[in-house]
Amino acid sequence: MLERWVIGVDIGGTNLVVGVVPCAGGRPLAITSRPTRSDRGADAAVDDIGTMADAVVAEALASHGGSRARVIGVGVGCPGPLDLARGRIIETPNLGWRDYPIRDRVASRLGLPATLDNDANCATYGEWWQGAARGAQSVVGVTIGTGVGGGLILDGRLVRGASGGAGELGHTTIDIDGRLCGCGNRGCLEAYASGTSIAARAREGIEAGASSEITRLVDGDLSRITALTVYDALLLGDLHAREVLLETAELLGAGLASVINLFNPEVIVIMGGVTKAGEHLLSPLRSAVRRRAFASAVDACRIVPGELDGAAGVVGAAGVFTALMEAAA
């Protein structure tokens, strides 16, 4: 009998990523991405997801044979807050979508049963199922991109919470009078440590007079600064970029120290584009955590980069679908 597949969908603030994943696990057989373009609305994103899914299924079938009947469903990962029971987006601060039935719209477009979970939950599940946290019973996942997301696996089970909102690490407060976050609160970790915020802090420093290679890298147009620009400048020995990255590590360390004291995890997996900074970020991050968290809890916890690169959300969304279907059987 031919192996069955699941389509995994990762809806991010910057990119949509869609792939085909074996039910038994593994890397995507085919995967594609394109900009989310959230300003066009959720319906347009669903259309894009459908087109992308058709393309990756065709690619997988061309390589592995069989018919579309090999695909048994689709798992969707999306930023929240979400109503998981009804499969709806309640609100997405970084996308601007509200009260939208994302699960059912994707299911209708693809003609397949669908599940919905938080995008960071999916990424965390992916790294636990097939990536850097394989074999661990207690895992915290941290996704750093347009925003900062989080997922929790405790005693080998994904924790969703009473309303499906567990693990929103990016919206824990680290400064009660701090920067305004997209969620409306002030001082959220996301307002300091997301890729968007890293770029903003780098730009603000240059506007305040800091000399930096970043300015040259963006040809003087500071609106073009991204977290990747900061990383590129860091590799050139830029002191301002180094200061921004060290501050990011300290802020993340403050947030993760609290997480370690709360949950005592075996593994914290850091995911997203910021991991391109490698040990330039992870080494000072680990040091900041050690200064702030209980030593015994720090000693028991590995802080590692994800192994699945940009595919963690897709793999995890497919894995969540498979696990939920098995549980319902």
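The values are calculated or read from the model by the stated rules, or taken from the named source; none is laboratory data. Computed from a prediction, not measured in an experiment: that's the story for all the values here. Counting neighbours? That spans all protein chains shown, and the Cβs are built from the backbone with ideal geometry, glycine included.
Taking region 79-117 as the range and being farther than 18 Å from residue 18 by Cβ, of a type in the set (A, V, I, L, M) and in contact (Cβ under 8 Å) with a residue 60 or more places away in the chain as the test, the residues that pass are 82, 84, 85.
Annotation note: of 50, 66, 25, 8, the sole residue that is over 22 Å from the mean Cα position of the chain (by Cα) and over 17 Å from residue 96 (Cβ atoms) is 66. Between 13, 25, 66, 50, the distinction of being in a loop (DSSP other than H, G, I, E, B) and buried (at least 16 other Cβ atoms within 10 Å of the Cβ) belongs to 13 only. Restricting attention to region 160-181, the residues that are more than 15 Å from residue 263 (Cα to Cα), part of a loop (DSSP other than H, G, I, E, B) and among the polar types (S, T, N, Q) add up to 1. Condition check for residue 45 on (1) within 13 Å of residue 18 (Cα to Cα); (2) in contact with a Gly (Cβ under 7 Å, 6 or more places away or on another chain): one failure, at (2). Return yes or no: is residue 233 in contact with a Ser or Thr (Cβ under 7 Å, 6 or more places away or on another chain), closer than 28 Å to residue 308 by Cα and at pLDDT 95 or above? For residue 233, the condition - in contact with a Ser or Thr (Cβ under 7 Å, 6 or more places away or on another chain), closer than 28 Å to residue 308 by Cα and at pLDDT 95 or above - is met.
Surrounded by fewer than 17 Cβ atoms within 10 Å (Cβ to Cβ) and either outside the structural domain of residue 152 (by TED's automatic domain parsing) or within 21 Å of residue 303 (Cα to Cα) (or both), is that true of residue 224?
Values: surrounded by fewer than 17 Cβ atoms within 10 Å (Cβ to Cβ): yes; either outside the structural domain of residue 152 (by TED's automatic domain parsing) or within 21 Å of residue 303 (Cα to Cα) (or both): no.
No, not satisfied.
Is one or more of the residues making up region 187-200 touching a Gly at 6+ places or on another chain (Cβ under 6 Å) and surrounded by fewer than 22 Cβ atoms within 10 Å (Cβ to Cβ)? Looking for residues that are touching a Gly at 6+ places or on another chain (Cβ under 6 Å) and surrounded by fewer than 22 Cβ atoms within 10 Å (Cβ to Cβ), one finds at least one in region 187-200, hence yes. Within region 295-314, the set of residues being in a helix (DSSP H, G or I) and surrounded by fewer than 16 Cβ atoms within 10 Å (Cβ to Cβ) comprises 295, 296, 299, 309.
The residues of region 237-294 that are part of a loop (DSSP other than H, G, I, E, B) and not charged (D, E, K, R), listed by number, are 237, 264, 265, 272, 278, 293, 294.
Picking from 104, 119, 155, which residue would you name as being acidic (Asp, Glu) and assigned by TED's automatic domain parsing to the domain that holds residue 201? Even if it seems obvious, please write down each step before you answer.
Details: 104 fails: assigned by TED's automatic domain parsing to the domain that holds residue 201; 119 fails: assigned by TED's automatic domain parsing to the domain that holds residue 201.
Exactly one of 104, 119, 155 is acidic (Asp, Glu) and assigned by TED's automatic domain parsing to the domain that holds residue 201, namely 155.
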